[in-house]
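Heads up: the structure comes next, in structure tokens.
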Amino acid sequence: MVRYGRSVLFPPATLAIVWTITLLAVWLCGDIYFPLTTMADVIVLTGVLAFSLGGISSVATPLWRGRTLEAVTAMRRIQVDRWLNAAVVVFMLNIPLSYLYFRELSETIAPRDSVWRQLRIAASKANISGHSPLSFESLFLPILSIGALIAVYEHADTGRRMGRALLLVLMAAAYQLVNGARSEVLLLLISSIVILWLRRGAAPKRLLGMMMLLFLLVFSLGQISMGKYGASSRTSLTDNIPHVAEGFATYWLGGIIAFDQNRKNPELRYGWDLGKFAKRILNRFGANYSEHDRNLEYTKISATQITNVYTVFLPYYMDHGGMTGVIALMFLVGFLSTYVYRCAIHGNCWAVFTLGAFVYATAMTIFSEEYFAQIMFWVKAAAISTLVYFSPAVTRRIRSRWTQLGEAETQPCE
């Protein structure tokens, strides 16, 4: 797959690498976790194969020739640069409003022992209900992340404004962290790396290493602040290291173990809604569809460990047709991921800013289902980036202004 796609970003290559390393790690763990059944291995390998076949089928599909970033005019690039400067100011001015939003949000549930845990639970409940105080702030978060990605692209393309790109990424990550959204921070970091990778034609290895360390730091701090797997903010860093390592291994390797346990004991399972994004949109227009909580019940993965992550195969296999659902849905997301990858390497604007989300979803198949869960982010990233670079009305105004300036400069002096 790496040879076929010429990069490990080629989605079937990414998926194959992720699951090869994961299954190898599970095997090396021996009897630390409950043993995987042969059926669980068959489901994983079938899903990876279906995804790969979907990717290969996508390679044979003609590309839609959308607008490429190389076609953006110099006038528009200057305007984008000004917009990004203004975005820094707007996002900083929004900090007091965000403080009020998060304070009111935290008061919607009973107090918890950790402020971060309280915010995370409150945000999750608000997302399910579709109602929260100052709800425009919840819409502001993805826009901030997309603005940060545009700043990263501008830096990667011009080699300038690195400080601005870094500032916007850090602000976006900070906003998401305060909201208790560690996965959105990882989505932002991976998308930034992918944009730099695409533009430079090679992996930014140093930045990739820094990103991994930053994520581990964020993950560790989150686990310690929420007191998961025995970690505690009241003990020393040395004492917390074994608990943080256990938590990391449980999240990484525990998903497939939990799925296998869930498959053998279906009474542990309750709904996982792939169509949640559609229900949420309809509910905002007055419908009353119920939404399942994405945080599933905890399942034992060993005699002493539990987890509530179940890999991509829980909804595909358990809720959507068994092995047929795995084959059909993995083929579909493999096809779409590879198609976006092909469009991105050809410079299509919408694909460049959504490929990172697909890479993120592919890497997170060991953790949860992120393809359907991230649909609204893909739509927003594609729409906002296209409007920023190719909005016709703005283009006409910029062109008219430049024409006026040009005519003024050519007028003879009296």
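The values are calculated or read from the model by the stated rules, or taken from the named source; none is laboratory data. Values in this document were obtained by computation on a predicted structure and should not be read as measured data. FYI the Cβ positions are ideal-geometry reconstructions off the backbone, even for glycines, and counts take in every protein chain you see. SASA here: full protein model, heavy atoms, side chains in, ligands and nucleic acids out. Shrake-Rupley method; radii C 1.70, N 1.55, O 1.52, S 1.80 Å.
Details
- Only a single item in (1) under 23 Å from residue 337 (Cα atoms); (2) of a type outside the set (A, V, I, L, M); (3) in contact with a helix residue (DSSP H, G or I) (Cβ under 8 Å, 6 or more places away or on another chain) is not met by residue 29, and it is number (1).
- Listed by position, the helices (runs of 4 or more DSSP H) inside the range 21-109 whose residues that are under 25 Å from residue 152 (Cα atoms) and either touching a strand residue (DSSP E or B) at 6+ places or on another chain (Cβ under 8 Å) or open to solvent by 60 Å² or more (accessible area, probe 1.4 Å) (or both) number at least 2 are 74-93.
- Selection status of residue 64, aromatic (Phe, Trp, Tyr) and closer than 30 Å to residue 303 by Cβ: no
- Any chance residue 298 is at pLDDT below 95 and open to solvent by less than 10 Å² (accessible area, probe 1.4 Å): no
- Test: residue in the range 350-371 that is at pLDDT below 90, assigned to a helix (DSSP H, G or I) and surrounded by fewer than 21 Cβ atoms within 10 Å (Cβ to Cβ): no
- Subset tally (residues that are open to solvent by 50 Å² or more (accessible area, probe 1.4 Å) and of a type outside the set (Phe, Trp, Tyr)) for the range 324-333: 4
- Looking only at the range 161-197, and only at residues there that are open to solvent by 30 Å² or more (accessible area, probe 1.4 Å) and under 16 Å from the mean Cα position of the chain (by Cα), the one that is modelled with the highest pLDDT: 170
- Hits in the range 46-81 - residues which are aliphatic (A, V, I, L, M), under 25 Å from residue 331 (Cβ atoms) and under 26 Å from the mean Cα position of the chain (by Cα): 48, 49, 50, 53, 56, 59, 63
- Just one of the listed residues (317, 389) is touching a residue at least 60 places away in the same chain (Cβ under 8 Å), under 29 Å from residue 147 (Cα atoms), part of a helix (DSSP H, G or I) and open to solvent by less than 60 Å² (accessible area, probe 1.4 Å), and it is 389.
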